[in-house]
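Just so it is clear, none of the values below were taken in a lab; they were calculated from the coordinates. All figures in this text were calculated on a predicted structure; none of them were measured in a lab. A quick note on method: Cβ atoms are made from the backbone with ideal geometry, for glycine too, and the neighbour counts reach across all protein chains shown.
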């Protein structure tokens, strides 16, 4: 007890600051005050659904989380393998053990922690940089109440990104401490912080790495190099301070070790994200949408506005996404202006800032660089590798305005008030900062209730499609329901409609949109079967549906009938060497130029060889059951169809498929626009087991890294206790 009392007394100031931040965080979460009705204009509802599914995953025995248990028909959708493991895991644990009656309370606790911890670590870093507590406290408050932080939590409902904004200050703090201290604990803590950020929000991790790295580079240039000007060419050259090189080298080794260790800890998550995601729907979207086209959401005038404004006029005056008004905030703009003026136009900064003066350079210029990228007045994105398009929206860079601006706020307070800071300045400062940010706290809107989410805790829309595997099929499979979307489809509302209502892709004449399918094998006699319901209210006269293969007409049928049942021979169709393109084209008169709508019941090929003919999902799904994390099936195979199509979504290299206890290879087969697991078997009855395991080799490396980290930490803790006993 005496040691706990001693710790509480020695840390009482920090604990009081933490308490202050906790109270402010509650106030900043005002729009989410209701415990039964959700602020649901953004994505809060879907993310809450995922938190509920994360609890289900834990109860299945998943750890770490990989599968969203009921998303996409319960076919083992690997959402958590690719997206935000830490927030959903922690949220699920809170929901399971602390708030079992209300998942929304667990959701809000996570956001409250993010606000509080984010502000607290900005405070700690600002305190270290300025050597003054009041500026540090104000820096933390400015970070918590940053306009974009409030936008992310409330207007966007971007749960993982909001949590990442709370973790990022932890990363920055421990990176700086690791750089400046030889104590091994900072290497370990820095690596844990990086790991948490990487497994929370990959976009924040990628760009956080870049901007923190840039800050470090400018710091090294400022502290470890001397500028020399050639009098003939007037070019600046950099000469390393030889006396500093051994020190610099050891600092860089520590930083590198912590970053590498974080990758090893998270390799089970990061390697699939980096390599296996190349065939996911999300990657297709990222490679298609240039962030430059989203800059209309962050015009310069709005970024510099002192109040929350819609980026474009609307009938109600609200933003297209209610409450989403990206802005820098005048607190940060004023702080940047003060520090910039004193740094470049005054000879001396206050004495307390001389030691950490080199850090200011990077903060000033990263702030301006990020502001320019957020504004994006020119399309420099087209010249960058598409990997950088992962940001999707340029306003996401405001996260890096937040931490640079908050640290500059601490510097600005010291510069302006020097030794005159008192408690009254702290109180007034907090009031000014909170009032300046209050326009970004939107009035709550929404009708979605927690009970409704509990009844159907699904992400839906893009979240249910982003992590579907889109590997090209290697064969044309008989009895397999054919895709209905074009090959280039991206996640969104139209795609979601296609997955749920299954409309046939019908295009006007001269439209070059088509679907590409693998060519059938020699000796096969493919016949395409199309059955579905025709919406007559879209037709205004005689309308014909034509089927083309590689631009050549194969067959036609009238759409002026409520149901169609059509068999189309393809044996003599025009094809390429290894594939063929199909188009469904209409000719005729429709209402208001609308395309005809045919909702598909069946679209599959007959006449394919037994080795490429599937026992379709509609038969096998009733033969399968889920036991914990395993899908177990008992299926009989006959001579007419020797490919078993399982009710499990396909992910290459990350699933283990066993038949009668033996591991077997598996491949992708099509069930409309889903890729599901297929296995080829000879006629017999089989017991089949499928489990998602991730990349086994990456799992083992991460396991060894965690064991090593825990062992080192335990050993260091034991040594510390031993030394303490010797002293006592």
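Cβ-to-Cβ counts within 10 Å put 672, 154 in ascending order as 672, 154, the fewest first.
Between the Cα long axis of helix 12-28 and the first principal axis of the chain there is an angle of about 40°, rounded to the nearest 10. Quotient of the Cα radius of gyration of region 614-694 and 2.2 N^0.38 Å, N being its number of residues: 0.98. Averaging 1/r across all pairs of distinct Cα atoms in region 321-432 and inverting the result yields a Kirkwood radius of 15.9 Å.
Temperature 4 °C, viscosity 1.567 mPa s: under these conditions the Stokes-Einstein estimate for region 70-144, based on its Kirkwood radius over C-alpha pairs, is 88 µm² per second.
For the Cα atoms of the chain, what angle does the longest principal axis make with the long axis of helix 330-345, in degrees from 0 to 90, nearest 10? So the inclination is approximately 50 degrees. Assuming a ≥ b ≥ c are the square roots of the Cα gyration tensor eigenvalues, decide whether the chain counts as rounded (a/c under 1.5), prolate (otherwise, with a/b larger than b/c) or oblate. Prolate shape, in that a/c is at least 1.5 and a/b is the bigger ratio.
Where does region 462-569 land on Rg/Rh, using Cα atoms and the Kirkwood Rh?
Across region 462-569, the Cα-based Rg/Rh ratio is 0.96.
Legend: ranking of residues 425, 201, 11 from fewest to most surrounding C-beta atoms inside 10 Å; resulting order 11, 425, 201. Reported to the nearest whole Å, the Cα centre-to-centre distance from region 164-184 to region 105-149 is 14.
Residues 316, 387, 44, 631 in ascending order of nearby Cβ atoms (within 10 Å, fewest first): 316, 387, 631, 44.
The C-alpha radius of gyration of region 267-359, expressed as a fraction of 2.2 N^0.38 Å, stands at 1.71. For region 245-319, the equivalent ellipsoid derived from the alpha-carbon gyration tensor has semi-axes of 40, 24, 11 Å in decreasing order. State the antiparallel share, in %, of DSSP beta bridges confined to the chain, rounding to the nearest 5. Roughly 90 percent of the DSSP beta bridges within the chain come out antiparallel.
Measuring between their Cα centroids, region 3-30 and region 306-329 lie 34 Å from each other.
Note on the chain: helix-only mean residue ellipticity at 222 nm, from DSSP H runs of 4+ residues weighted -39500 (n - 2.57) and normalised by residue number, equals -14500 deg cm²/dmol.
Looking at region 352-507, what % of the alpha carbon pairs are farther apart than 24 Å?
Value for region 352-507 (Cα pairs over 24 Å): 65 percent.
Between residue 566 and residue 185, the simple spin-label model (points 7 angstrom out along Cα→Cβ) gives 7.3 nm.
The residue 301 and residue 128 beta-carbon pair, evaluated with R₀ = 41 Å, returns a calculated FRET efficiency of approximately 0.70. Computed over every Cα-Cα pair of region 1-101 and binned at 5 Å starting from 0, the pair-distance distribution P(r) comes out as 2, 11, 15, 15, 15, 12, 11, 9, 6, 2, 1, 0 percent. Restricting the calculation to alpha carbons of region 509-591 gives Rg and Dmax of 13.9, 44 angstrom.
Any idea what angle helix 357-375 forms with the longest principal axis of the chain, computed on alpha-carbon atoms, 0 to 90 degrees, nearest 10? Helix 357-375 sits at roughly 30 degrees to that axis.
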